[in-house]
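Read through the structure below, which is laid out as structure tokens, and then see the notes.
Read-outs: derived from the displayed coordinates by stated rules, not from any lab. Not measured: the values here are computed from a predicted model. Here the Cβ positions follow ideal geometry from the backbone for every residue, glycine too, while neighbour counts run over all protein chains shown.
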Amino acid sequence: MRYYSDNFLLVLPQNIAIDNQDTFAYVPILDVLKAWLSHSDVLNAVLSDYRLHPRQNSMLCDMFDATAANECQGFKDLNCLQLLLYFDDFEVGNPIGSKRGKYKLFAVYFTILNIPIKYRSKLENMHLVLLATSKHIVTHGLDVIFAPVLKDIQKLMSSGIDVSVDGIQHHFTGRLAFVCADNLAANKVAGFTQNFSQGRVCRFCVATRGEICNLHLESMCKLRTHQMHESHLKATYTGRQVSLLSVWSDKCLSLLVFKRL
């Protein structure tokens, strides 16, 4: 592996120690971006941004077609890399066997949304960022596991990276544009309880499990707001109504603040 990392564009994972016993693997985002963008075809795809060519119809085919994206200045900078993070838990053993959960892993992947849609679903354009056992996340918290990810994203936002291709220097900054996950992983990262059988099971509204079957339109739901969420977090600090509100932490939300920038 050392030969490939020294002679090719292979970025090796770092084994990061949480304490004297527990570790997790992290593949530096900035190093991966530099290696990836050093390929001329990837660089050309990013610089000749497909978003420069507006659609001829009103169909929503991408997040950049939405009104919110068009109104955000950060999405219009062609030298700003738009990161998409994807979270997922998976079992490497038999998911219904006696060892279920023992070897369960939490994985984080990323791609950049600057490349055309048809290339995003290719595995060669999806990069592993982080790999940790799920039990370590329960023990130490997502804020500890995500620390190196946040550090690299903050550095990308503030100072950026430089990439040299064919003797030409290119400077890129970046931002976290989108977070993708299934219900379980999304609730975990957002700081909601991961129980969908009772209580307030939706992170978008405050409907209970018993009520949600009869709610068919958004207008019928009481949606969560920023102010409401802040009040729920304060309640968790004082130990009140935690089981009723389905909110247990705000530490993981430090990752999502980049989405609003």
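Count the net charge of all other residues whose Cβ sits under 10 Å from the Cβ of residue 30, scoring Lys and Arg as +1 and Asp and Glu as -1. Net of charged neighbours comes to +1. In loop segments of segment 150-230 as defined by DSSP, the GluC sites (Glu not before Pro) with at most 16 further C-beta atoms inside 10 Å of their C-beta are 211. Identify the residues of segment 131-161 with backbone N under 16 Å of a label point that sits 7 angstrom from the Cα of residue 79 along the Cα-to-Cβ direction, or state none. Taking a point 7 Å out along Cα→Cβ of residue 79, the residues of segment 131-161 whose backbone N falls under 16 Å are 156-161.
Ordering 35, 138, 67 by Cα displacement along the dipole of segment 2-190 toward the positive end leaves 138 in first place; charges were set at the Cβ atoms of Lys, Arg (+1) and Asp, Glu (-1). Each of 164, 134, 219 was scored by other Cβ atoms within 10 Å of its Cβ. Listed from fewest to most, they are 219, 164, 134.
How far is it, in nm, from the label point at residue 107 to the one at residue 183 when both lie 7 Å from their Cα along the line to the Cβ? Distance between the two pseudo-spin positions: 2.2 nm. GNM on the chain, alpha-carbon springs under 10 angstrom: the most fluctuating residue among 113, 47, 30 is 47. Taking the number of Cβ atoms within 10 Å of each Cβ as an exposure proxy, the fewest-first ranking of 226, 232 is 226, 232. Out of (i) 58, 42, 36; (ii) 61, 53, 35; (iii) 86, 54, 41, which label holds the value of Cα extents along the principal axes in Å that was computed here? Among (i) 58, 42, 36; (ii) 61, 53, 35; (iii) 86, 54, 41, the one calculated here is (ii). Label-to-label distance, residue 8 versus residue 118, with points set 7 angstrom from Cα along the beta-carbon direction: 2.7 nm.
Taking R0 as 41 Å, what FRET efficiency do you get between residue 195 and residue 48 from their Cβ-Cβ distance, rounded to the nearest 0.05?
Values: r = 46 Å, r/R0 = 1.13.
My answer for the efficiency is 0.30.
Name the residue, out of 68, 186, 132, whose mean-square fluctuation peaks in a Gaussian network model built on the chain with Cα pairs under 10 Å. Between 68, 186, 132, it is 68 that shows the largest mean-square fluctuation. Stokes-Einstein diffusion of segment 87-187 at 20 °C, 1.002 mPa s viscosity, Kirkwood radius from Cα pairs, rounded to a whole number: 134 µm²/s.
Taking the Cα centre of the chain as origin, work out the dipole magnitude from +1 charges on Lys and Arg Cβ and -1 charges on Asp and Glu Cβ, in debye rounded to 20. It would help to have the intermediate numbers written out before the result.
Values: 27 positive and 23 negative charges, 171 e Å.
Dipole magnitude for the chain comes out near 820 debye.
Cβ crowding within 10 Å ranks 229, 216, 170 as 216, 170, 229, fewest other Cβ atoms first. Taken one residue at a time, the phi angles of segment 210-215 give Karplus couplings (6.51, -1.76, 1.60, θ = phi - 60°) of x, 7, 5, 5, 9, 9 Hz. Gly and Pro are set to x. Rank 233, 198, 94 by how far each Cα sits towards the positive end of the charge dipole of the chain (+1 on Lys, Arg Cβ; -1 on Asp, Glu Cβ) and give me just the farthest. Going by the charge dipole, the pick is 198. The slack between residue 217 and residue 159, meaning 0.36 nm per residue of separation minus the straight C-alpha distance, is 16.5 nm.
Less than 5 angstrom separates the built amide H of residue 79 from none of the residues sequence-distant by 5 or more or on a different chain.
Annotation: extensible slack from residue 57 through residue 173 equals 38.7 nm (criterion: 0.36 nm per residue apart, minus Cα-Cα distance).
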